[in-house]
Each structure stands twice: as C-alpha cells, then as structure tokens.
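Input: a single structure, listed below in structure tokens.
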There are 2 protein chains.
Amino acid sequence: MTTRASKRQKTEQKDAYHLIYWPSIPGRGEHIRLALEEAGAEYTDTAHQEDGMKAVTSLSSDHNKGDSTNPPAFAPPALKHGEYTISQTPNILMYLGPQLGLVPDVSEDPVGIYHVNSLTLTALDGLSNEPHDTHHPIAVMEYYEAQKEEAKKKAKDYRESRLPKFLGYFERVLSGDASKGGEYLYGGQLTYADLVLFQTVDGVSFAFPKCVEKLKGSGKYEKVFQHYERVKGRENIKAYLGSERRQKYSMGIYRYYPELDDE
Amino acid sequence: MTTRASKRQKTEQKDAYHLIYWPSIPGRGEHIRLALEEAGAEYTDTAHQEDGMKAVTSLSSDHNKGDSTNPPAFAPPALKHGEYTISQTPNILMYLGPQLGLVPDVSEDPVGIYHVNSLTLTALDGLSNEPHDTHHPIAVMEYYEAQKEEAKKKAKDYRESRLPKFLGYFERVLSGDASKGGEYLYGGQLTYADLVLFQTVDGVSFAFPKCVEKLKGSGKYEKVFQHYERVKGRENIKAYLGSERRQKYSMGIYRYYPELDDE
C-alpha cells in the first residue's frame with residue numbers, strides 16, 4: 001500500500017476531476033466513480049448537482065462540436081479534468097488508471113495497462129452491454145414493453161449461453177498465472193479492471209437474481225464470486241457503497257424484470 | 001511525413017507482429033491490418049497461414065488460461081508481439097498506435113491518444129457492433145434464419161435511427177476545431193481512428209447499400225463520405241485494398257441481406 005500511495009502522489013494532478021453523467025442510475029458512470037472512490041480522489045459528480053442534467057444534455061447535444069482541444073463526446077459519461085474532456089468509459093479509466101495508481105507501474109510492467117484495458121473491455125462487453133440489450137434487443141429508444149417478446153428470447157440466450165461464457169472466462173483469468181495468485185485479475189494487485197468486474201457482476205446479480213444464484217450454486221465460478229466479495233469488502237469501496245453517493249439500480253443498464261430472469 | 005517516419009523509426013520494435021484472426025472475413029481483425037498496412041509494418045496473419053485456424057481456436061479455447069505474462073484472450077483478434085499477447089481490437093490499436101506513428105506524439109499532445117481511442121470506441125460501437133446485431137439481434141450462436149423477423153425490426157431501427165446518429169456524430173467531429181481542418185478526425189493528421197472510421201463506413205456500405213446511398217444523397221454527412229474517400233486513396237491503403245491480402249465481406253460482421261436494407 002505504501003508503494004501504491006507514493007506512486008499516486010507522484011502522478012497526482014492539481015486539477016479536480018469532474019464526472020458528467022446522468023443522475024438516478026449507477027450506469028456506466030459508476031465505473032468512473034468506483035475508481036475515484038477506491039483511490040480516495042476528490043471529484044464532483046453531476047448526478048448530485050442541481051443543474052447536473054444541463055451539463056449532461058449539452059455534452060451529447062447534436063450541436064456540440066467540442067473545442068480546439070477536445071472532439072465532442074458521443075454520450076456520457078465524460079470526465080472533465082483541467083482543459084481536457086475525455087469520454088467513453090474504458091477510455092476514461094485508462095486515462096485515470098496511472099493517475100490513481102490503479103494500473104501497474106509502466107516502468108515495471110509496460111504491457112500491464114493494456115491487459116487491464118482488455119479485461120475491462122471484455123467485462124463491459126459481456127456483463128454490461130449485453131445485459132442492457134436483453135431488455136432492449138430491437139430499439140434502444142423504444143419502450144421495453146414494445147420489445148418484450150424479443151427481450152424474453154434474448155434474455156434466455158443471455159442467461160443460458162452468454163453469461164456463463166463470460167463468467168467462465170473471468171474464472172479462467174483468475175486461475176491463470178498472469179493473475180499472480182487469483183486474488184485480483186492481473187498482476188497480484190487491484191487494478192481498475194477489478195472494480196469493473198465487481199460492478200458488472202453486481203449489476204447482473206441485480207438484474208437476474210435467480211439465474212446468478214443458480215450459477216453461483218454450480219460451483220463453476222467460485223473465484224469470480226470470491227473476487228466479487230473481496231472487492232466489495234475493500235475499505236474505500238465498502239464506505240462508498242454504504243454512502244448516499246451510491247445510487248440504486250432503476251431504469252438503466254441493469255433492470256429487474258422477473259420475466260427476463262430464470263423461473 | 002518526414003516527422004512521422006522518424007518517429008516511427010524511433011519506436012520501432014525488433015520483434016515482428018503476428019495477427020491471430022479468423023480467415024475468410026475482414027472482421028475485427030481488419031482494423032489491425034489497416035494500421036499495420038498504413039504504417040508499412042511487417043506482420044504475419046493467420047488468415048493466410050495453412051494452420052491459422054488452429055492458432056485462432058486455441059486462443060479462445062475454454063482451456064486457455066494465458067501464461068505468466070498474459071491473461072487469456074476472450075476472443076480473436078489478438079496480436080502476438082515478442083512475449084506479449086494483446087487482445088481486444090481497440091486495445092491492440094492503442095498498443096500499436098505509438099509504435100506505428102498512428103497517434104499524436106505524447107510529448108506534444110498528452111491527451112491525443114485518449115481522444116483517438118474514444119473516437120475508435122465510438123466507431124466500433126455504432127458502426128461495427130450494432131450492424132452485427134442487426135442480423136443477430138437475439139442469439140449470436142444461432143442462425144440468422146432463426147431470428148430473421150427480429151432482424152428486420154432491428155435493421156429498420158438501425159437504418160432509420162442509429163446509423164444517422166453515428167454518421168451525424170462523426171460529421172460533427174470533422175466539423176469541430178479539434179479536427180484542425182476536418183481532413184482527419186483529430187489533430188490535423190491521420191490516426192488509427194481514421195482507419196477505423198474508413199473500415200466501418202466501408203462495411204456498413206456493403207451491408208446496407210441502398211440506405212447508405214440515400215444517406216449520402218441527403219448531403220448531411222458530406223465530410224464523413226469525403227473522409228472515407230480520402231483514407232481509401234492513401235497510397236498504402238490503396239495498395240492494400242487492391243491486394244489479395246484484403247478479404248471479401250461474407251458471413252462476418254457485415255452481411256448483405258436485401259431484406260435488411262432499404263426497399
């Protein structure tokens with residue numbers, strides 16, 4: 001921890017971090033929050049600001065062309081840091097990783113940050129984007145009710161085929177030598193990829209409680225579920241999850257529709 | 001071009017690049033190929049090797065746990081480079097970018113690589129993943145024919161809502177000040193994000209020819225289609241596209257089903 005803290009100090013930036021994301025859902029912004037919270041970094045969050053919605057809607061407005069330093073963002077979340085506006089969740093994490101001490105030191109492990117990014121992209125693909133698509137398989141801008149029948153089919157495939165495949169993948173990662181013991185995904189210490197896996201497993205457990213209970217009971221993904229508890233129990237994460245800053249799941253990526261879960 | 005070439009020289013690695021990807025489709029591997037081809041880098045490609053399939057299937061095998069340096073890959077493409085195996089398309093590009101001179105120099109523009117990554121992620125989301133889902137909206141491992149009715153609905157939404165939204169976004173990027181004139185997406189010179197936008201627009205044009213013709217005719221996305229031609233005409237890209245190394249679209253991400261296109 002001493003090494004981590006001193007590294008963090010060294011790369012600390014003088015400018016504050018400002019997260020721009022929708023209020024009322026954890027959503028993709030949650031991955032950024034968890035990284036900042038784990039590192040004990042100071043940040044502001046539009047989700048808790050009175051005029052926060054305005055910042056979010058102007059970010060992804062059809063009129064936003066960015067500025068001379070920053071291309072426009074396609075969608076929230078975005079991170080404002082000094083003169084920079086960085087968008088796309090895994091990209092923001094990669095930008096923050098070295099600053100927050102949440103990736104291996106590049107001088108000791110030049111490829112570590114790429115492995116952390118790869119693990120992050122896979123968790124977001126299979127445990128965030130695909131769960132989202134289970135309730136919106138046809139059209140993201142239409143109501144769930146209008147695509148409920150297709151959603152049932154998609155969710156069945158997700159529960160029976162895709163979710164076990166992704167959990168199996170992370171079980172292999174935690175069993176592999178590059179994890180250095182299997183406590184964390186890569187290199188024997190916590191990286192932001194661990195926070196992303198925690199958050200996506202948490203979301204999937206909310207959306208498909210019966211299915212996840214059954215998968216947990218199968219014993220095939222023991223390391224993944226142990227990893228989940230390990231991250232959840234970390235001091236700063238635990239404090240954050242118990243705070244009012246942690247928002248409840250509602251109508252975002254992870255939704256609980258009993259008809260999309262196991263019977 | 002001189003500056004670029006000298007930078008490339010400086011970061012050139014002694015180890016060869018080895019791309020591991022399925023034969024017979026351009027697929028996601030194509031983004032890696034285009035970066036290597038544009039930079040004139042030497043590489044091998046399993047798509048053109050006799051035992052290439054074996055390398056691909058063992059990469060994403062359920063038994064692969066990686067090694068002491070590298071976590072297992074979830075899926076192809078992967079890039080082998082010396083002792084490293086890097087996976088996930090945008091991650092491989094981020095690894096290659098500085099080595100191939102396809103991102104701004106970090107000492108002059110520390111945030112440039114993150115903007116390039118963000119643009120890449122958005123192009124892959126909206127112009128590669130979403131088009132794929134139009135023909136496989138329910139289950140990726142099932143036949144198209146088994147999900148054809150859902151595919152028609154999904155493709156309609158894609159053509160009418162999502163595709164215009166993403167093209168409109170890139171039109172704004174090319175109109176914005178951070179593009180430095182709108183020839184390329186960011187910073188006034190070619191980056192790998194430009195190659196990704198070219199390849200995804202090319203794929204979408206193959207899959208939805210009538211729809212793209214109509215969108216082109218609308219005049220709303222002039223900069224995007226001019227950008228497409230600009231990248232296509234670059235010396236190394238043009239030579240590559242005319243070579244046997246460039247594979248034809250078939251049953252991959254971009255498929256031509258007349259019933260999924262405009263009438």
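The values are calculated or read from the model by the stated rules, or taken from the named source; none is laboratory data. Since this is a predicted model, take the numbers as computed values, not measurements. Cβ coordinates were reconstructed from backbone atoms using ideal geometry, including for glycine residues, and neighbour counts include every protein chain displayed.
The set of residues in region B:141-157 that are at the interface with chain A (Cβ under 8 Å from one of its Cβ atoms) and acidic (Asp, Glu) comprises B:142, B:150, B:157.
Does residue B:221 satisfy the criteria of being of a type in the set (Ser, Thr, Tyr) and under 23 Å from residue B:98 (Cβ atoms)? When the stated conditions are applied, residue B:221 does not pass them.
Against the criterion of being hydrophobic (A, V, I, L, M, F, W, C), more than 8 Å from every other protein chain (Cβ to nearest Cβ) and in a loop (DSSP other than H, G, I, E, B), residue B:190 qualifies. Checked against (1) at the interface with chain A (Cβ under 8 Å from one of its Cβ atoms); (2) among the β-branched types (Val, Ile, Thr); (3) within 13 Å of the chain's Cα centre (by Cα), residue B:138 meets all criteria but (3). Go through the residues of region B:178-185 one by one and say whether even a single one is under 17 Å from the mean Cα position of the chain (by Cα), crowded, with 21+ Cβ neighbours inside 10 Å and within 14 Å of another protein chain (Cβ to nearest Cβ). The answer is yes, given that some residue of region B:178-185 is under 17 Å from the mean Cα position of the chain (by Cα), crowded, with 21+ Cβ neighbours inside 10 Å and within 14 Å of another protein chain (Cβ to nearest Cβ). Of all residues assigned to region A:53-69, none qualifies as being touching a His at 6+ places or on another chain (Cβ under 8 Å) and either at the interface with chain B (Cβ under 7 Å from one of its Cβ atoms) or more than 21 Å from residue A:125 (Cβ to Cβ) (or both). Scan region A:15-52 for residues that are within 14 Å of another protein chain (Cβ to nearest Cβ) and either on the phi > 0 side of the Ramachandran plot or part of a loop (DSSP other than H, G, I, E, B) (or both) and the total you get is 2. State whether one or more residues within region A:212-223 are over 20 Å from the mean Cα position of the chain (by Cα), assigned to a helix (DSSP H, G or I) and within 28 Å of residue A:114 (Cβ to Cβ). Yes: one or more hits.
Taking residues in region B:174-192 that are under 20 Å from residue B:225 (Cβ atoms) and not assigned by TED's automatic domain parsing to the domain that holds residue B:36, and partners anywhere that are among the charged types (D, E, K, R) and part of a loop (DSSP other than H, G, I, E, B), the pairs with Cβ atoms closer than 6 Å and at least 6 places apart or on different chains are B:175/A:65; B:176/A:65; B:188/B:180. Applying the condition of being facing another protein chain (nearest Cβ under 9 Å) and not in a loop (DSSP other than H, G, I, E, B) to region A:90-112 and asking which residue is nearest to the chain's Cα centre (by Cα) yields A:90.
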